[in-house]
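The values are calculated or read from the model by the stated rules, or taken from the named source; none is laboratory data. Since the model is a prediction, treat every value here as computed from it, not as a measurement. Because the Cβ atoms are built from the backbone with ideal geometry, glycine has one as well, and the counts that use them run over all protein chains shown. Protein only, heavy atoms only, side chains kept; ligands, DNA and RNA dropped before computing areas. Shrake-Rupley method; radii C 1.70, N 1.55, O 1.52, S 1.80 Å.
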Amino acid sequence: MLRVSLRKKFIAGTALLILLVGGALAVLVRHELHKRFEGEVYKRGLSIARYIAEAAEIPLITDNNVSLQLLVNDYQKIDPDIGFIFLVSPEKKLTAHTFGAQVPSDVVRQAIEKTSASLHRIDLYSKDGLIYDCTVPIQGGALGYVHVGLYEALVTKNVHGVLLKMFPFVICILVIGIIAAIAFVSVITRSIKRLTDGVQRFSNGELSEVLSVRSHDEIGQLAAAFNTMIEKLSATTVSREYMEKLIDSMDDMLIVISPDGVIQSVNRAYCELFECRPDEIIGRRVDEFDEREAPLCMFSAFQHSLVSGRVQGIECTCRTSSGTLVPLLFSLAVMKDDQGRPQAIICAAQNISNLKKVQHALQQKQLEIEAVNRNLEEIVVSRTAELAVGNEGLRAEVAERQKKTEELRAARDAAESANRAKTEFLANMSHEMRTPLNSIIGGAEYLEGASLAPDQQHCLEMIRHAGDSLLVQVNDLIDLARIEAGQLELLAEEFNLADTLEATVQMLGLNARQKQLDLSLAIAPDIPHFVVGDQARLQQVLVNLLSNAIKFTDNGGKVTVSAQRGQADLHAIEVYFLVRDTGIGIESDKIDMIFETFAQADSSITRRYGGSGLGLAISRRLVEAMGGSFKVESVPGVGSSFAFSIRFPLAEHAVAEQQGVPDGTGREGGLKDAAGSEGPLRISRVLLVDDSLENRALMRLLLARQPLVVDEANNGREALELFEQNEYSLVLMDIQMPVMDGYTATRMIRRIEERSGRRPTPVVALTAHAYEADIRRCKEAGCDDHIAKPFKKKGLLRCLAGYLQGIEHG
């Protein structure tokens, strides 16, 4: 590839730039000159045409064609630049012209066709080039028109004449520009040449000479920075003499060989071991030495290193000048330049005579150890024969134990498999039983506001009561099974203890009033309002105990609930709960029986009061799971007292601050705001997703009087199609559905919102999966809330009111 110096490139570029500028200027000047000369020629032709038009008026009036012809001929003789002159009558016929015998009919025709009273210049095209036709009417066109033609060649000739006069000046400017460029480039390239020479010297290892560039421009700054770099490298780079001394101080031998096999240097350790001088070795080729001499011993490895780049761990035995054989361990490595070409092969060798002696000693010791081992083996064989008899009995015992272990393992696997099957069965049964219960309880609740006959109302009340009772039994059975399977999950969340107690008493207040019972609540003032624990499980225990107290206390009796402070520290407090009644009481020998599953103190109690006998059993196990214990005191005919204690961690913020915060500041405040907001009633659009036709029909009935438009989907895939097509204020999502379940559908809805930039739509899981793990999984999938089936109408509407306006949930 042709290499062009920077100097030539700079000069050529400058000359090319000057030529381009000159050429562009020439084009511009030629265009302007042509335009100016064209205007002058037009003015000149127009002046001549006007003069002839005035002079031709009398001959045209008198029909003196001879005078007209003499007029145009004389004017053409006076001005030789005129191409032609001709007069046209109003009938578009030639009356006089300067064409002679051959009249160019095409030129005349173009001029006559383009003649106009308002147009004084006409461009005509002929075989001789462009013609400027200056046209002037005679007597406003009444006596005809005068046409004076001037060729464009006249303009071109004038332009070329001016450009020829300018050409010497352009040449002078070009020469001066090139000379200036050469001088300018010389100043720049001189400094660059010095900088290049300095870099070349630096690459050869010459660090003593600095660059002598004196300019103060960017090149001078680069030279100054390069000089600074040389000074720093000179201060930090190890000199060649220092490196040679360092190599000579090594105990290992070091040989440097050129790529063609010539030895370039050896260090002191090599010369001392092989009893030679450096000048006897340096300069000789590797293959010139004898077979046992060190350079020839490494010749094959030397050739291999040129191919692979590195050879390590080669052993050989070499002979010194005195004939002594020395074992060596050497390695070779190729040193390459920046282009990857080999510069030298470095060989490092080590005398391993002492190592060989140690190896020989180790071999001797190994032989001795092997002899001892053989003796030991003989002893072991004899002892093994003696122990063989005793081992037979041990083997039989071990085999029996292994058999028992396998049987126990098989029993354990069978039990675990049965437990998993039981868990899956209970989960499916929970879902399958809650789903129809949702329709039963929801339908009965919907019919409560209908106008029914007394017997129909009584029948409806029986259906509702039976549904509630069946739901309690289902929940108790599922909870008991989960506790026995060790799958009970306790939450650790902050809640208001006083509000929980008040809500529990208020929940069962109606049942107490129906039996004319005195139901009261007493909370010690020194108990903190806010603690950390599982509020739902604590409330479940209190409800079980309080409902039993109300159930087994006759009309006019008394039931009290109290909470007292126990031991406390800075982080936790123990609370004692007591539920006392004036009911039928329990025999002392049957107190333990009431905590057993499916058992009551007397079989007649079941026939009189009902119940499955699971409430107290579940309550005791829940309290024990929360780290507490039960205590029961009862006197038949006087009453019973059920007490338990639980240790709660305290909330992080102060008690005083807790008491100033109303219960349910989170979403319940939003419920009140949404339900109590004023303004025009707005119809909200809701998407109901459920594979059960009965559940969808029940939801339509429960939401019929609310300001809602409800769209329905049978599965998650249909829900996604509707969600992409419409804007919804809320989505009611079932979880267990065919085609696509609710978890997947909710995740896809959130992805659609992220992809399209839509505002997040509230998604409420409406499902029969009511375990804590189910609720957590719904939240992880993207649901905002969870309603367990079967649900009450008030609970449903209260939840919807937290997200939608105009929902009546009183």
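Quick rundown of the values:
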read-out: Boolean, Gly757 is of a type in the set (Gly, Ala, Ser) and in contact with a helix residue (DSSP H, G or I) (Cβ under 8 Å, 6 or more places away or on another chain); value: no
read-out: Sole residue being of a type in the set (S, T, N, Q) and open to solvent by less than 30 Å² (accessible area, probe 1.4 Å), chosen from Thr98, Thr156, Thr115; value: Thr98
read-out: Selected residue (only one of Leu70, Leu17, Leu25, Leu33 is of a type in the set (A, V, I, L, M) and closer than 24 Å to Gly144 by Cβ); value: Leu70
read-out: Unmet requirement for Lys157, which otherwise passes all of (1) closer than 30 Å to Ala111 by Cβ; (2) touching a residue at least 12 places away in the same chain (Cβ under 8 Å); value: (2)
read-out: Test: residue in the range 537-560 that is in a strand (DSSP E or B) and within 21 Å of Arg621 (Cβ to Cβ); value: no
read-out: Ile749, sole failed condition from (1) open to solvent by 60 Å² or more (accessible area, probe 1.4 Å); (2) under 17 Å from His786 (Cβ atoms); (3) part of a helix (DSSP H, G or I); value: (1)
read-out: Yes/no for Gly611 being at pLDDT 50 or above and more than 30 Å from Tyr728 (Cα to Cα); value: yes
read-out: Hits in the range 9-25 - residues which are open to solvent by 60 Å² or more (accessible area, probe 1.4 Å) and closer than 15 Å to Phe167 by Cβ; value: Leu19, Leu25
read-out: Candidate set: the range 490-509, residues that are polar (S, T, N, Q) and not in a strand (DSSP E or B); chosen: the one nearest to Ile618 (Cα to Cα); value: Thr504
read-out: Among the candidates Gln540, Gln567, residue that is surrounded by 17 or more Cβ atoms within 10 Å (Cβ to Cβ) and farther than 21 Å from Val635 by Cβ; value: Gln540
read-out: Selection count, the range 86-114, where residues are of a type in the set (D, E, K, R) and not in a helix (DSSP H, G or I); value: 3
read-out: Top-ranked residue of the range 261-296 - restricted to ones that are assigned to a loop (DSSP other than H, G, I, E, B) and modelled with pLDDT of 80 or more, ranked as most open to solvent (accessible area, probe 1.4 Å); value: Arg277
read-out: Qualifying residue in the range 700-708 (condition: under 29 Å from the mean Cα position of the chain (by Cα) and part of a helix (DSSP H, G or I)); value: no
read-out: Subset of the range 504-518 [open to solvent by 40 Å² or more (accessible area, probe 1.4 Å) and closer than 17 Å to Val541 by Cα]; value: Gln506, Met507
read-out: Failed condition for Asp734, given (1) among the acidic types (Asp, Glu); (2) under 29 Å from the mean Cα position of the chain (by Cα); (3) crowded, with 20+ Cβ neighbours inside 10 Å; value: (2)
read-out: When residues of the range 122-181 are limited to those that are assigned to a helix (DSSP H, G or I) and aromatic (Phe, Trp, Tyr), the one nearest to Ser47 (Cα to Cα); value: Phe167
read-out: Asp128 vs. criteria surrounded by 14 or more Cβ atoms within 10 Å (Cβ to Cβ) and either without any contact (Cβ under 8 Å) to a residue 12 or more places away in the chain or charged (D, E, K, R) (or both); value: no
read-out: Odd one out for Ala768 among (1) under 29 Å from the mean Cα position of the chain (by Cα); (2) touching a residue at least 40 places away in the same chain (Cβ under 8 Å); (3) closer than 30 Å to Asp534 by Cα; value: (1)
read-out: Conditions (1) more than 60 Å from the chain's Cα centre (by Cα); (2) open to solvent by 60 Å² or more (accessible area, probe 1.4 Å); number of the one not met by Leu28; value: (1)
read-out: Failed item, numbered, when Pro90 is tested on (1) surrounded by fewer than 11 Cβ atoms within 10 Å (Cβ to Cβ); (2) at pLDDT 80 or above; value: (1)
read-out: Tabulated pairs, the range 692-709, first in contact (Cβ under 8 Å) with a residue 40 or more places away in the chain, second polar (S, T, N, Q) and in a helix (DSSP H, G or I), C-beta under 6 angstrom, 6+ apart or interchain; value: Glu694/Ser439; Leu698/Ser439
read-out: Looking only at the range 47-67, and only at residues there that are aliphatic (A, V, I, L, M) and open to solvent by 20 Å² or more (accessible area, probe 1.4 Å), the one that is farthest from Val148 (Cα to Cα); value: Ile61
read-out: Tally, over the range 614-627, of residues that are at pLDDT below 85 and outside any helix (DSSP H, G or I); value: 1
read-out: Any hit, the range 668-680, residues being over 24 Å from His571 (Cα atoms) and either at pLDDT 55 or above or of a type in the set (Phe, Trp, Tyr) (or both); value: yes
read-out: Flag if Val103 is in contact with a Ser or Thr (Cβ under 7 Å, 6 or more places away or on another chain) and either open to solvent by less than 70 Å² (accessible area, probe 1.4 Å) or among the aromatic types (Phe, Trp, Tyr) (or both); value: no
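A quick yes/no check of all residues on (1) within 60 Å of the chain's Cα centre (by Cα); (2) among the aromatic types (Phe, Trp, Tyr); (3) closer than 30 Å to Ile483 by Cβ; (4) surrounded by fewer than 10 Cβ atoms within 10 Å (Cβ to Cβ):
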{"position": "Asn373", "(1), (2), (3), (4)": "no, no, no, no"}
{"position": "Val398", "(1), (2), (3), (4)": "yes, no, no, no"}
{"position": "Gln402", "(1), (2), (3), (4)": "yes, no, no, no"}
{"position": "Ser417", "(1), (2), (3), (4)": "yes, no, yes, no"}
